[in-house]
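Participant: A single structure is presented below for examination.
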Amino acid sequence: MGGSGRDYIEARYGKLGDGATILLIEGRSYTLLELLEVLGLHFEDIRPIDACVLADEDLYAIRYFDSEERRIVAYEFDRHFRYVREVSAHIAEWLGEDESF
Amino acid sequence: MRVDHTRDQEMRRYLLAREAQLLAQLPSMGEEELRWTVRIFADGLDEASKALLLKGYSEYLPLEAMRAVVAAFIPQYTRLALQDLDAKSSMVGEGLRGFTDEELQGMSSAEKWGLLAKNPDALTSSQVARELARLLFCRTPDLFLDPSLPLATIEYPAYFEVQEALAVLPDDTLQELKRIALDQLETFQRGSYEERQKTLDALRGKITEAIGLPTLDALSEGRMERIPRKGPILPEEPPPLFLEDMSLEELRMSLKVLADFMSLEEFREGLLPLKDRYPSFYDLPEEELKSLLRRLAFTMGDRTILDYTARALFGRMVTGSSISPEVWALLPEEEKLQRLLADCDRMDLVQAARHISRTFLSPSSKALFDVGVQLRLLDDPRYRALQDRLILQFASPSQGERLRELNRQVTALVWEMEGAAPEAREGRFQEIREAIAKALSFNEVL
């Protein structure tokens, strides 16, 4: 894991939910569910949130909620859908004062 | 009740196919095409949905950023249109109320005003403002009959500027304009072409007079120019600057909205000291009002008028911090309920009474999310009367516990309603209102 924390995730990928719901990769458009499938992340407890292009690094990222771990995960990959890295943070960081809820 | 399954199925297929097509075309859409797409969809949305779905959107965004926002907006808009379709499926044949926002966008002014004449209260104030704005673009009787007029008007910045000008008119003035339009258009179908033209001209004159528009000549200028024409609105404008732009009436309304969320303790600390100096909040000088609002905005954080009634759907909280809709949507349903109940437990009796009163006085489940309805309650004597009654009836500590329990029950029932099938929601909501009436032993109309 390359890092953690809401601040980092939102600084690198934008505010949660503000990203795209489709990505254009190598001339083809992918919905979030299609991306999860291609990346081998399509599990019952994974709920996609949004995706983005990291243009400077020629990379892409999809953000999802791992409901079992209760973590928001940003998963980075390249144009060939190869894993690059992921960062995650507990959803409590987005829930304000009730972190121990 | 009549359900038109064929219409629903066709419409559903159309909405989903359009979404897929637009998403496929999105990568190749130019900047003007993106702006046009957002305009045509957003034009049919109420203010709350628009604010929620188009958060961060501006016609001045760089192309790629705009494309990303539109990519997120289209599926969200489709979901809303499908929900609207579900809600209206059992209302076919009930005049204007039975039409979805999508369908209203595809109808001629003549058809809509004809239906409005049969049921003058069928449209919300913002929908009336939109129809009046479109009337201004009916330069000829042919355009009044043209169902493609809504598609054409969104290309002109003046159409949106006229809507904004109509939206700030007092509701009485807007209703009066509607009444005049209904009166004048009654004879429209029977008149000759010249008579129809005269009727339209007179009506357009009344509307321009009401909003202080000097001439109609400029309506069609600046096709597809970016709106607002004066330049981009900076996001998250700091409160002091924002307050500077508000009229005295808007400042007072803002105070009313904030005061409606205050606990008794917050009210005592924040507002009661002013009671010694001014007979009522209406007597506060403008500068003092602004200074008070700045303090309250700082201590109370961001608030919307829907925070009492739209909690279950959007994760808004009356006490403590609200949760962003994106994060709220990720939470398990049971956790959402527990958080809502925890919010109830943090409310004092006054806040609980307001929550119950707002739920009870909302005439339909849709009204829970209608900014206009919820704002008007602030001036509705029934809202105050019901709160007073609740507080008096449950004033003692043991009775207070009953009020808290009722507040939790109402919250849980609304949460269940939101999870119910769309066609069952309205019935569930009316059961909630009945449950409140029963708990309070109401035997008369407030």
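Participant: Under the Karplus relation 6.51 cos²θ - 1.76 cosθ + 1.60, θ = phi - 60°, what is the ordered set of whole-Hz ³J(HN,Hα) values for the range B:323-339, x standing for Gly and Pro?
Facilitator: Going residue by residue, I get 9, 5, x, 5, 6, 4, 5, 7, 6, x, 4, 4, 5, 4, 4, 4, 5 Hz, with x marking Gly and Pro.
Participant: Right, here's the next one. Give the carbon-plus-sulfur fraction of the accessible surface of the protein assembly as shown in %, rounded to a whole number; probe 1.4 Å, heavy atoms of protein chains only.
Facilitator: 54
Participant: What nm value, rounded to one decimal, do you get for the distance between A:Arg70 and B:Thr6 when each label is placed 7 Å out toward the C-beta?
Facilitator: Distance between the two pseudo-spin positions: 5.2 nm.
Participant: In peptide A:9-22, how many Cβ atoms from other protein chains are near each Cβ within 10 Å, on average?
Facilitator: So the per-residue partner count for this stretch is 4.
Participant: To the nearest 500 deg cm²/dmol, what mean residue ellipticity at 222 nm is calculated for the protein assembly as shown from DSSP H runs of n ≥ 4 alone, each contributing -39,500 (n - 2.57), summed and divided by the residues?
Facilitator: Rounded to the nearest 500, it is -17000 deg cm²/dmol.
Participant: Which of rounded, prolate, oblate describes the range B:5-89, given a ≥ b ≥ c as roots of the alpha-carbon gyration tensor eigenvalues and a/c under 1.5 marking rounded, otherwise prolate only if a/b is larger than b/c?
Facilitator: Oblate is the answer for the range B:5-89, as a/c is 1.5 or above yet b/c matches or exceeds a/b.
Participant: Highest mean first, what order results for B:316-329, B:13-26 on Cβ atoms within 10 Å?
Facilitator: B:316-329, B:13-26
Participant: By a straight-distance test (C-alpha under 18 Å), which aspartates and glutamates pair with B:Lys206 as possible cross-link partners, with residues fewer than eight away in the same chain excluded?
Facilitator: Counting by Cα, and skipping residues close in sequence, B:Lys206 has these aspartates and glutamates nearby: B:Glu131, B:Glu161, B:Glu164, B:Asp171, B:Asp172, B:Glu176, B:Asp183, B:Glu186, B:Glu195, B:Asp217.
Participant: Among the DSSP beta bridges whose two residues both lie in the protein assembly as shown, what percent are antiparallel, rounded to the nearest 5?
Facilitator: Bridges in the protein assembly as shown that DSSP calls antiparallel: roughly 95 percent.
Participant: Using per-residue counts of other Cβ atoms within 10 Å, averaged over each peptide, order B:415-428, A:40-53 from highest down.
Facilitator: Going by the mean number of other Cβ atoms within 10 Å, highest first, we get A:40-53, B:415-428.
Participant: While we're on this one: Would you tell me the accessible area of B:Met246, worked out with a 1.4 angstrom probe on the heavy atoms of the protein chains, in Å² to the nearest 10?
Facilitator: Around 30 Å² of this residue is reachable by solvent.
Participant: Still on this structure, please answer the following. Compute the signed sum of charges (Lys and Arg +1, Asp and Glu -1) over the other residues within less than 14 Å, Cβ to Cβ, of B:Pro147.
Facilitator: -4
Participant: Still on this structure: Using a 1.4 Å probe, what is the accessible area per residue for the range B:5-89, in Å²?
Facilitator: 45
Participant: Something else about it: What residues from the range A:21-37 fall in the zone where the backbone N is under 11 Å from a label point 7 Å along the Cα-to-C-beta line of A:His80?
Facilitator: Backbone N within reach: none found.
Participant: So how exposed is B:Ile391, as accessible area in Å² (1.4 Å probe, rounded to 10)?
Facilitator: Accessible area, nearest 10 Å²: 60 Å².
Participant: Please report, to one decimal in angstroms, the Kirkwood hydrodynamic radius of the range A:5-95 built from all distinct Cα-Cα pairs.
Facilitator: 13.0
Participant: If you don't mind, another one. Give, as a single signed number, the net charge of other residues whose beta carbon lies under 10 Å from the beta carbon of B:Asp260, with Lys and Arg counted +1 and Asp and Glu -1.
Facilitator: Every neighbour counted, the sum reads +3.
Participant: Please give the residues from the range A:57-73 for which the solvent-accessible area of heavy atoms, probe 1.4 Å, is smaller by at least 40 Å² with all protein chains in place than with the chain isolated.
Facilitator: With the partner chains in place, the range A:57-73 has these residues losing at least 40 Å²: A:Arg70.
Participant: Give me the dipole magnitude in Debye, nearest 20, for the protein assembly as shown about the Cα centre, with unit charges on the beta carbon: positive for Lys and Arg, negative for Asp and Glu.
Facilitator: In debye, rounded to 20, the protein assembly as shown gives about 1020.
Participant: A further question follows. How many partner chain Cβ atoms sit within 10 Å of a residue's Cβ in peptide B:326-334, on average, as a whole number?
Facilitator: 5
Participant: Between B:Gln175 and B:Glu244, what is the FRET efficiency for a Förster distance of 41 Å, r being their Cβ-Cβ separation, to the nearest 0.05?
Facilitator: The calculated FRET efficiency here is 0.85.
Participant: Using the Cα gyration tensor of the range B:94-190, with a ≥ b ≥ c the square roots of its eigenvalues, what is the shape: rounded (a/c below 1.5), prolate (a/b larger than b/c) or oblate (neither)?
Facilitator: Rounded.
Participant: A further question on this structure: What full-extension length gain, to one decimal in nm, is calculated for B:Gln25 and B:Met253 as 0.36 nm per residue of separation minus the Cα-Cα distance?
Facilitator: 77.7 nm
Participant: Per residue of A:25-36, how many C-beta atoms from partner chains lie within 10 Å of its own C-beta, taken as a mean?
Facilitator: Mean inter-chain Cβ contacts per residue within 10 Å come to 1.
Participant: So what's the projected area for the protein assembly as shown, the Cα convex hull averaged over all directions, in nm²?
Facilitator: 28.2
Participant: Mind grabbing the interface size between B and A? I mean buried accessible area, both sides, 1.4 Å probe, in Å² to the nearest hundred.
Facilitator: So the total buried area for this chain pair works out to about 1800 Å².
Participant: Roughly what angle does helix B:193-211 make with the longest principal axis of chain B, taking Cα atoms, 0 to 90 degrees, to the nearest 10?
Facilitator: So the helix axis and the longest Cα principal axis differ by about 40 degrees.
The values are calculated or read from the model by the stated rules, or taken from the named source; none is laboratory data. Keep in mind that this is a model prediction, so the values were computed, not measured. Counting neighbours? That spans all protein chains shown, and the Cβs are built from the backbone with ideal geometry, glycine included. Just so you know, the surface numbers come from the protein's heavy atoms only, side chains and all, with ligands and any DNA or RNA stripped out. Shrake-Rupley method; radii C 1.70, N 1.55, O 1.52, S 1.80 Å.
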